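Colleague: Have a look at this one before I ask anything.
The values are calculated or read from the model by the stated rules, or taken from the named source; none is laboratory data. Since the structure is predicted, the reported quantities are computational estimates derived from the model, not experimental observations. Heads up, the Cβs are rebuilt from the backbone with ideal geometry, glycines too, and the neighbour counts pull from every protein chain shown.
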């Protein structure tokens with residue numbers, strides 16, 4: 001019988017955080033670190049599809065909830081980027097994971113593990129994610145007659161928690177994300193979509209699910225991602 005995805009946990013900051021796991025008997029495993037904020041919601045179905053595809057080639061996978069996200073018991077407004085980095089590190093250590101596949105701004109959470117193997121899809125700076133979310137807030141404010149700006153929201157975010165795209169982000173998280181750049185670990189493989197002309201180790205046919213208005217999937221892209229991750233884990 002094919003194993004089904006199940007929730008396991010990892011300990012961080014004296015509490016349990018959840019992690020979706022899909023087991024395979026080989027002992028080979030990989031952690032999938034999701035994108036951040038609304039991109040996480042848009043791409044979760046795709047990430048689970050990647051996990052299922054990895055299972056067919058006998059690779060276990062783990063998809064952790066970051067503190068402050070999904071079923072986490074801690075409010076997002078209290079979380080920092082440092083917390084995310086240490087949480088992802090804790091999950092990897094507790095489940096003995098040495099290969100990390102991170103997606104979009106999820107790459108910003110893996111900086112505490114420079115010696116691990118890193119597969120990264122379309123890595124992006126934290127400032128770019130924040131600008132997109134602030135533009136969404138500006139457009140929503142305009143519809144209600146409010147006049148806000150990027151600079152005004154950035155100033156507000158320095159002093160108090162701010163709502164961006166449905167997320168309450170504290171000053172520390174905003175500041176750390178605004179300065180955060182994708183890490184450059186020793187053992188890395190950069191993947192990008194075939195439509196992206198930035199430097200990459202591999203280009204994958206597919207669609208930018210993180211840009212869609214609603215959550216979606218791309219089965220062919222999920223299979224291509226799993227195939228490349230499997231080859232990378234097997235090196």
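Colleague: What is the number of the single condition among (1) surrounded by fewer than 16 Cβ atoms within 10 Å (Cβ to Cβ); (2) on the phi > 0 side of the Ramachandran plot; (3) under 16 Å from the mean Cα position of the chain (by Cα) that residue 122 does not meet?
Modeller: With respect to (1) surrounded by fewer than 16 Cβ atoms within 10 Å (Cβ to Cβ); (2) on the phi > 0 side of the Ramachandran plot; (3) under 16 Å from the mean Cα position of the chain (by Cα), residue 122 is out only on (1).
Colleague: So which of 194, 200, 208 ends up being surrounded by fewer than 19 Cβ atoms within 10 Å (Cβ to Cβ), touching a strand residue (DSSP E or B) at 6+ places or on another chain (Cβ under 8 Å) and over 26 Å from residue 81 (Cα atoms)?
Modeller: Working: 200 fails: over 26 Å from residue 81 (Cα atoms); 208 fails: over 26 Å from residue 81 (Cα atoms).
Every option except 194 fails the conditions.
Colleague: Ok, one more. Which helices (runs of 4 or more DSSP H) sit wholly inside segment 133-235 and have at least 1 residues that are without any contact (Cβ under 8 Å) to a residue 12 or more places away in the chain and farther than 22 Å from residue 108 by Cα? So that I can check it myself, show each step before the final result.
Modeller: Values: elements: 150-159, 171-179, 219-233.
Hits in segment 133-235: 150-159, 219-233.
For (1) modelled with pLDDT of 95 or more; (2) more than 20 Å from residue 177 (Cα to Cα), each residue gets a yes or a no:
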residue	(1), (2)
26	no, yes
35	yes, no
70	no, no
80	yes, no
89	yes, no
108	yes, no
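Colleague: A follow-up question, please. Only residues in segment 72-100 that are in the same structural domain as residue 26 (by TED's automatic domain parsing) and on the phi > 0 side of the Ramachandran plot count as the first member; pair them with residues that are crowded, with 17+ Cβ neighbours inside 10 Å and not in a loop (DSSP other than H, G, I, E, B), Cβ under 8 angstrom, at least 6 apart or cross-chain, and list the lot.
Modeller: Sorted first by the residue in segment 72-100, then by its partner, the pairs are 96/29.
Colleague: So, one more: Just one of (1) surrounded by 14 or more Cβ atoms within 10 Å (Cβ to Cβ); (2) out of contact with any strand residue (DSSP E or B) (no Cβ under 7 Å at 6 or more places or on another chain); (3) within 27 Å of residue 58 (Cβ to Cβ) trips up residue 220, so point out which.
Modeller: It is condition (1) that residue 220 fails.
Colleague: Turning to a different aspect of this structure: Of all residues in segment 25-42, which are closer than 15 Å to residue 229 by Cβ and touching a residue at least 40 places away in the same chain (Cβ under 8 Å)? First the steps, then the outcome.
Modeller: Our first condition is that a residue be closer than 15 Å to residue 229 by Cβ; within segment 25-42, this holds for 26, 28-34.
The answer is 28, 29, 30, 31, 32, 33, 34.
Colleague: Given the residues 165, 226, 180, 157, which is the only one that is on the phi > 0 side of the Ramachandran plot and touching a helix residue (DSSP H, G or I) at 6+ places or on another chain (Cβ under 6 Å)? Quick ask: steps written out before the conclusion?
Modeller: Numbers: 226 fails: on the phi > 0 side of the Ramachandran plot; 180 fails: on the phi > 0 side of the Ramachandran plot; 157 fails: on the phi > 0 side of the Ramachandran plot.
Answer to the selection: 165.
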